[in-house]
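Just below is one structure, and these are the notes that go with it.
The values are calculated or read from the model by the stated rules, or taken from the named source; none is laboratory data. The shown structure was predicted, so the numbers you read here are calculated from the model rather than taken from an experiment. Positions of Cβ are generated from backbone atoms using ideal geometry, with glycine treated the same way; all protein chains shown enter the neighbour counts.
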């Protein structure tokens, strides 16, 4: 029998890639959206999605959309980091309630926000979560609620990763909001952190394929299963700027520092800047994810070479000419057996 996944946040980066990955693996895909007719027209590359009208902030909408679903992908977030306190926890509560009613598993894309400096520089699934920021505390509370739900019979899978980039909808990310400017050809690159501090990046098509493969072994997963996705670890963070230069075929592109002082001055008036500023500590110190548990479980981690991942991302963002970017490599075509 074909399994059915309900995706909350299918128009976002991870949600969209999960729809594609699960569809490749034979799942039926349903997605909740406030304007399904318009969204279906805007996503002609995903005709397989059954768009259902509803709002993730409305518990009845989520419950109705989840009927007969085997999986709920909770990939919905406030756009531009806005109003986390007022939206994030109510939405996860709605997902938990819907999963209980439907007998479905919950999949959550996790972040490193949950951790404080005491867990750095290498994060394992068992590392203590002592967040020092508001968003970190909210993310930790989300996982606490999911853990409680797993003890009440709702299976949960969390795949945690570094900063997202790539995929069909990549505009809401540090890559798109900090390093480059979507819709503009590259004239410079802005880098948010010290050049020699390592940084972890997660190419979303690879991350989604990894989650899909974990779900293929659902019977082997714990009731509350957590895995860390290694992605692209850059020992010196500035290597991402070099990758952008190489992908754009512009080796002399200027690299500028992110003007944090401007974000600080404007943060009282621009909520997105205020929320971005709160995450500055993750650029000051190396934060690496230990994916040894994932590799031991799957035998490998899907991995697209960095130059191809960056070039494809820049093309989607319209920062380089389309002909300069190759077709995206299927996530199952390039595998690595590297661990941490």
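Take residue 153 and tell me if it is modelled with pLDDT of 95 or more and either in the same structural domain as residue 273 (by TED's automatic domain parsing) or closer than 15 Å to residue 279 by Cβ (or both).
Taking the combined requirement at face value, the residue does not satisfy it.
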**Complete:** Among the residues of segment 23-41, the number that are buried (at least 22 other Cβ atoms within 10 Å of the Cβ) and modelled with pLDDT under 95 is 1
**Item:** Unique match (being under 30 Å from residue 215 (Cα atoms) and either at pLDDT 95 or above or not assigned by TED's automatic domain parsing to the domain that holds residue 115 (or both)) among 297, 273
**Value:** 297
**Message:** I'd like to know if segment 12-22 contains one or more residues that are surrounded by fewer than 19 Cβ atoms within 10 Å (Cβ to Cβ), in the same structural domain as residue 156 (by TED's automatic domain parsing) and either in contact (Cβ under 8 Å) with a residue 40 or more places away in the chain or within 27 Å of residue 166 (Cα to Cα) (or both).
**Reply:** no
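For segment 213-241, what are the residues that are in a helix (DSSP H, G or I), more than 14 Å from residue 303 (Cα to Cα) and within 21 Å of the chain's Cα centre (by Cα)?
Answer for segment 213-241, where residues must be in a helix (DSSP H, G or I), more than 14 Å from residue 303 (Cα to Cα) and within 21 Å of the chain's Cα centre (by Cα): 214, 215, 216, 218, 239, 240, 241.
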**Asked** Does residue 46 satisfy being within 21 Å of residue 205 (Cβ to Cβ), in contact with a helix residue (DSSP H, G or I) (Cβ under 8 Å, 6 or more places away or on another chain), assigned to a loop (DSSP other than H, G, I, E, B) and free of Cβ contacts under 8 Å to residues at least 40 places away in the same chain?
**Response** yes
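Condition check ((1) surrounded by 17 or more Cβ atoms within 10 Å (Cβ to Cβ); (2) outside any loop (DSSP other than H, G, I, E, B); (3) in contact with a strand residue (DSSP E or B) (Cβ under 8 Å, 6 or more places away or on another chain)) across all residues:
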{"position": "246", "(1), (2), (3)": "no, yes, no"}
{"position": "255", "(1), (2), (3)": "no, yes, yes"}
{"position": "261", "(1), (2), (3)": "no, yes, no"}
{"position": "275", "(1), (2), (3)": "yes, yes, no"}
**Request:** Could you list all residues from segment 42-61 that are within 21 Å of the chain's Cα centre (by Cα), crowded, with 16+ Cβ neighbours inside 10 Å and under 19 Å from residue 90 (Cβ atoms)?
**Result:** 55, 56
